[in-house]
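Encoded as structure tokens, the structure appears first; notes follow it.
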Amino acid sequence: MSINKEQALKQYFGYDSFRPQQAEIIDTVMAGNDCLVLMPTGGGKSVCFQIPAIIREGLTVVISPLIALMKDQVEALRVNGVNAAFLNSSLSSAEQDQVMWQAKVGELKLLYIAPERLFSGNTFEFLREWNVSLFAIDESHCISSWGHDFRPEYRQLSALKKYFPEVPVIALTATADRVTRRDILKQIGIEEAQTFVASFDRPNLSLNVLPGRGRIQQIQTFLKKHNGQAGIIYCLSRKGTETVTASLQKAGFEAEFYHAGLPSEKRSKVQDQFLRDDIQIIVATVAFGMGIDKSNVRWVIHYNLPSNVESFYQEIGRAGRDGSPSDTVLFYSYMDIITRQDMIANSDQSEAQKELLNAKLNRMKQYAEADICRRRILLSYFNEAVDHDCGNCDVCRNPRSRFDATVIAQKALSGIARTKEKVAMGMLIDILRGSRNKNVLQYGYDKLPTFGVGHDLRGEEWAEYISQLLNSGVMDIAYDEAHSFKLNPASNQVLYGKRKVELVRFIPLSERKAKEE
Ligand code: ADP
Ligand code: ZN
């Protein structure tokens, strides 16, 4: 065929120029070499295999776990005049036979298939007759148990290089740290492959972390500022999406919830409404957004802490794909860490896997608690060197200052000591602030010498400082005793004046510098 890659980009996709790395990747694949492509969501991974597929002889087999998206991707290709098809369980067996026939007679340039389908029946045998000239493995981090979305059926893909050593493989992913990357290459059997890492920086996304108290209130304020703009609120649980939606609706916002427990008609309806701008606010679990190609999502809020940085990054990456300024907010409280830790502890994962999940959670926590530029933390997670602060995160806009908080720590710790280590966050704050509420009075806590010693600080300040005390290890928490606080040897050093404590000064929301427009 006489068409070159620039012409293909123009003719089939309507674009004039390649984005950084795309041309090099396409050249590598065209030359018949294996490669691994790391590009953020929305970065433009698809053309990296679609253009070689169009130009080269033979069939490109695209392996993807996301059955729900295959149809859209294939339709988009067909609209642009590319012969493409998909094979998955949503097709009748007659339809599947027809696709197999098209592949056999060489009518197809691209065939999308899920790994479980590829290795069921005798599909894999048929591959030999199909003149396959390229394998593209999308979401390739799913092959690694070091990644955050390991899918055992992906492991079978190691058979590709064994049976088709001469067919090049392009593995693609939006999320993989260094260990995962190396493992992807090893599992697929392409250790020598060239790796392309596009920049993960999305400077148009503002990064913000807000204290988790009064989230609904804060969200309402946020939504009023973002009136008429589309966005997504991610919640941990299905139930959470429903309650958050209900309170927003009650406050007059048009919001809809979305989670995997909804009937599929309802799900596609909500999704369509969002894509068509009929609904601006979606409250969803992480089930929402996989492959949703909506360029004008202006904000993403995390109501709860995500389980790892990779997921977090993918989720905020759904905002601002068009490159225009977009805002991201993560709500964070110490309870979120505890909930996540509990989920890991109670899961049926192996001990080694639990350790990995905890380590990943810890990185997420470091991001949330950062007192240096958050973008630096995010990008260094993806091993990208950064030599300057971004100016577009809440830390850059509101530089943190530390102060001697030994007295604050002593007040909190003596509150814990006086209540015989039986109280959790809410009660401790009530005691320190001297609130005479029912629970406090019931236990006679208003008679304690510590009662009211912290009335000079607001509740939200106490919550923030107590979280910091927990994080800095000068007190403990017993998950199995209703999350009551406990003293440890470091607590005693602080209480007896043998150890100083520094904390990061709390900046109330109203005093935080908002984005400079
Ligand atoms: P990914 O798979 O990396 O998440 P896609 O391949 O879906 O991203 O591409 C994201 C968007 O960018 C798509 O709308 C795609 O058409 C567009 N795109 C890809 N390459 C280019 C390019 N060279 N110029 C302009 N837009 C592009
Ligand atoms: Zn910054």
Show the residue pairs meeting these rules: Cβ distance below 6 Å; 6+ apart or different chains; first residue within segment 272-292 and assigned to a loop (DSSP other than H, G, I, E, B); second residue hydrophobic (A, V, I, L, M, F, W, C) and surrounded by fewer than 23 Cβ atoms within 10 Å (Cβ to Cβ). Q280/A230; A287/A260; M290/L66; G291/L66; G291/L69
Quick one: in segment 298-311, of everything that is crowded, with 23+ Cβ neighbours inside 10 Å and within 16 Å of ligand 1 (Cβ to nearest atom), which residue is farthest from G391 (Cα to Cα)? E310
Going by the structure shown, is A405 away from ligand 2 (no atom under 16 Å from the Cβ), farther than 20 Å from D342 by Cα and hydrophobic (A, V, I, L, M, F, W, C)? yes
Within segment 472-496, how many residues are in contact (Cβ under 8 Å) with a residue 60 or more places away in the chain and over 15 Å from Q341 (Cβ atoms)? 9
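Being surrounded by 16 or more Cβ atoms within 10 Å (Cβ to Cβ), modelled with pLDDT of 85 or more and part of a loop (DSSP other than H, G, I, E, B) narrows it down to one residue among F506, F485; which is it?
One residue alone meets the criteria, F506.
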Please tell me if S64 is in contact with an Asp or Glu (Cβ under 8 Å, 6 or more places away or on another chain), within 11 Å of ligand 1 (Cβ to nearest atom) and in contact (Cβ under 8 Å) with a residue 24 or more places away in the chain. yes
What residue, of R340, R376, is among the charged types (D, E, K, R) and within 14 Å of P203 (Cα to Cα)? R376
Filter segment 19-54 down to residues that are part of a strand (DSSP E or B) and modelled with pLDDT of 95 or more and give me whichever is nearest to ligand 2 (Cβ to nearest atom). V37
Report yes if some residue within segment 64-71 is more than 16 Å from ligand 2 (Cβ to nearest atom), at positive phi and assigned to a loop (DSSP other than H, G, I, E, B); otherwise report no. no
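Conditions (1) aromatic (F, W, Y); (2) touching a Lys or Arg at 6+ places or on another chain (Cβ under 9 Å), marked per residue:
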site	(1), (2)
A85	no, yes
S90	no, yes
A94	no, no
V99	no, no
K104	no, no
F126	yes, yes
E129	no, yes
I137	no, no
Criterion (away from ligand 2 (no atom under 16 Å from the Cβ) and farther than 28 Å from I26 by Cβ) met by exactly one of S120, S206, S133, S144: S120
Out of S324, S333, report the one residue that is within 16 Å of ligand 1 (Cβ to nearest atom) and among the polar types (S, T, N, Q). S324
When you scan segment 169-184, how many residues do you find that are at pLDDT 95 or above and surrounded by fewer than 23 Cβ atoms within 10 Å (Cβ to Cβ)? 0
Checked against (1) assigned to a helix (DSSP H, G or I); (2) farther than 25 Å from F119 by Cα, D16 satisfies every condition except (1)
Confirm whether F253 is aromatic (F, W, Y) and either assigned to a helix (DSSP H, G or I) or more than 18 Å from W299 (Cα to Cα) (or both). no
Of all residues in segment 4-52 being away from ligand 1 (no atom under 13 Å from the Cβ) and small (G, A, S), the one that is surrounded by the most Cβ atoms within 10 Å (Cβ to Cβ): G32
If I go through segment 387-409 residue by residue, how many of them are surrounded by 19 or more Cβ atoms within 10 Å (Cβ to Cβ) and among the polar types (S, T, N, Q)? 1
Any chance you could count how many residues in segment 206-224 are of a type in the set (S, T, Y) and surrounded by fewer than 21 Cβ atoms within 10 Å (Cβ to Cβ)? 1
Which residue, of I429, I507, I416, I408, is free of Cβ contacts under 8 Å to residues at least 40 places away in the same chain, hydrophobic (A, V, I, L, M, F, W, C) and under 23 Å from Y332 (Cβ atoms)? I429
In segment 370-398, which residues are without any contact (Cβ under 8 Å) to a residue 40 or more places away in the chain, within 10 Å of ligand 2 (Cβ to nearest atom) and not hydrophobic (A, V, I, L, M, F, W, C)? R376, H388, D389, G391
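The values are calculated or read from the model by the stated rules, or taken from the named source; none is laboratory data. All values derive from a computational prediction rather than experimental measurement. Using ideal geometry, Cβ is built from the backbone for each residue, glycine included, and neighbour counts are taken over all protein chains shown.
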